[in-house]
Amino acid sequence: TSLLDGCLEFLIPNYKRGSPWHYEKIEYSKDLYTDAHTIMQNILNKTNYVDGRKKLNFKSYKSGIEFYSLESNGRTTFRLHIYRKLLEQQDKNYTLSSSEYLLVENMYHVEAQIFSSRISTLSSQMGVSNGSIEDFSLPFIEDTIIKNHLSSIYGEQPYRKRQDVIAIINASNNLTAYKKKQLIHILDQINQSSLLSARNKYKGKERLFDSCIRTIRNLGINLIYIPYDSTVSLFPALTELIFNLGGLS
């Protein structure tokens with residue numbers, strides 16, 4: 001900050017050293033390396049609905065998925081994109097050398113953009129002046145924005161195979177036999193298509209659907225199954241995978 005202050009002091013007449021900086025846009029990115037492509041693509045392709053309170057839209061791509069929020073005038077306020085780098089490069093028709101291919105083969109990329117209106121809202125909530133550099137540190141961005149959105153979209157529960165999920169539901173003493181069948185049916189609908197497609201089947205009964213989703217998550221169950229032919233039976237939640245298990249910034 002002091003180096004930037006010095007540059008601006010030299011370039012701008014009457015610049016006051018120590019003046020707060022203001023952001024028009026904050027960009028964040030983090031790389032995640034994993035060779036569990038079948039599991040990851042299954043998660044990215046099917047988890048495409050967010051609780052309406054978050055007011056996020058989404059776009060699906062061959063390589064992954066993008067979530068974003070808009071103002072009433074159509075301007076973007078927040079954007080979160082997760083994708084497999086190799087598929088993204090191939091989709092853009094890039095020619096990759098063998099070394100480049102090896103570099104991106106197991107790379108997934110998490111990127112976010114936070115735009116001025118969202119920054120202003122956060123600044124007001126924090127009691128700082130329109131987003132100063134010191135207050136928008138990397139840990140703050142991760143803990144206040146990125147992790148919260150990832151948890152709300154993908155859940156905080158580990159991923160399991162279908163038979164293990166059913167065993168957890170059937171072992172619950174707080175659910176009736178009818179409720180257990182209802183939860184399993186909804187999970188099967190989600191995994192046969194996607195979260196949004198399953199919810200769309202409950203037109204007029206969205207509250208029932210959302211209530212079942214909350215019950216499922218409260219049981220410690222993630223909404224997406226690990227594919228039956230996978231060699232692993234337990235896969236960590238994306239927030240844990242991205243932030244605790246060695247993803248590279």
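The values are calculated or read from the model by the stated rules, or taken from the named source; none is laboratory data. Just so it is clear, the model here is predicted, and its values are computed rather than measured. A quick note on method: Cβ atoms are made from the backbone with ideal geometry, for glycine too, and the neighbour counts reach across all protein chains shown. Just the protein is used for accessible areas: all its heavy atoms, side chains included, with ligands, DNA and RNA removed. Shrake-Rupley method; radii C 1.70, N 1.55, O 1.52, S 1.80 Å.
Based on what the data block shows, is Leu187 assigned to a loop (DSSP other than H, G, I, E, B), of a type in the set (A, V, I, L, M) and open to solvent by less than 50 Å² (accessible area, probe 1.4 Å)? No: the conditions fail for Leu187. Taken across region 128-135, residues that are under 26 Å from Leu44 (Cβ atoms), of a type outside the set (Gly, Ala, Ser) and either in contact with a strand residue (DSSP E or B) (Cβ under 8 Å, 6 or more places away or on another chain) or open to solvent by 30 Å² or more (accessible area, probe 1.4 Å) (or both) do not occur at all.
Only residues that are under 26 Å from Leu122 (Cβ atoms) and either open to solvent by less than 40 Å² (accessible area, probe 1.4 Å) or touching a Pro at 6+ places or on another chain (Cβ under 9 Å) (or both) were counted in region 53-67, giving 5. You will find that of Leu103, Leu86, the residue that is open to solvent by 80 Å² or more (accessible area, probe 1.4 Å), over 18 Å from Lys147 (Cβ atoms) and among the aliphatic types (A, V, I, L, M) is Leu103 and no other. Annotation note: of Leu219, Leu238, the sole residue that is more than 25 Å from Ala171 (Cα to Cα), surrounded by 12 or more Cβ atoms within 10 Å (Cβ to Cβ) and not hydroxyl-bearing (Ser, Thr, Tyr) is Leu238.
Of all residues in region 61-90, those satisfying the criterion of being among the acidic types (Asp, Glu) and at pLDDT 95 or above are Glu66, Glu88. Only one of the listed residues (Ile226, Ile190, Ile242, Ile166) is over 19 Å from the mean Cα position of the chain (by Cα) and among the hydrophobic types (A, V, I, L, M, F, W, C). That residue is Ile166. Here Ser2 clears all of (1) open to solvent by 80 Å² or more (accessible area, probe 1.4 Å); (2) hydroxyl-bearing (Ser, Thr, Tyr); (3) at pLDDT 95 or above except the condition numbered (3).
Is it the case that region 91-99 has a residue that's under 29 Å from Gly155 (Cβ atoms), free of Cβ contacts under 8 Å to residues at least 40 places away in the same chain and open to solvent by less than 30 Å² (accessible area, probe 1.4 Å)?
So far as region 91-99 goes, no, none of its residues is under 29 Å from Gly155 (Cβ atoms), free of Cβ contacts under 8 Å to residues at least 40 places away in the same chain and open to solvent by less than 30 Å² (accessible area, probe 1.4 Å).
Within region 201-215, the only residue that satisfies the criterion of being touching a residue at least 12 places away in the same chain (Cβ under 8 Å) and not in a helix (DSSP H, G or I) is Lys201. Candidates are the residues of region 236-249 that are in contact with a Lys or Arg (Cβ under 8 Å, 6 or more places away or on another chain) and not in a loop (DSSP other than H, G, I, E, B); the one that is modelled with the lowest pLDDT is Leu248.
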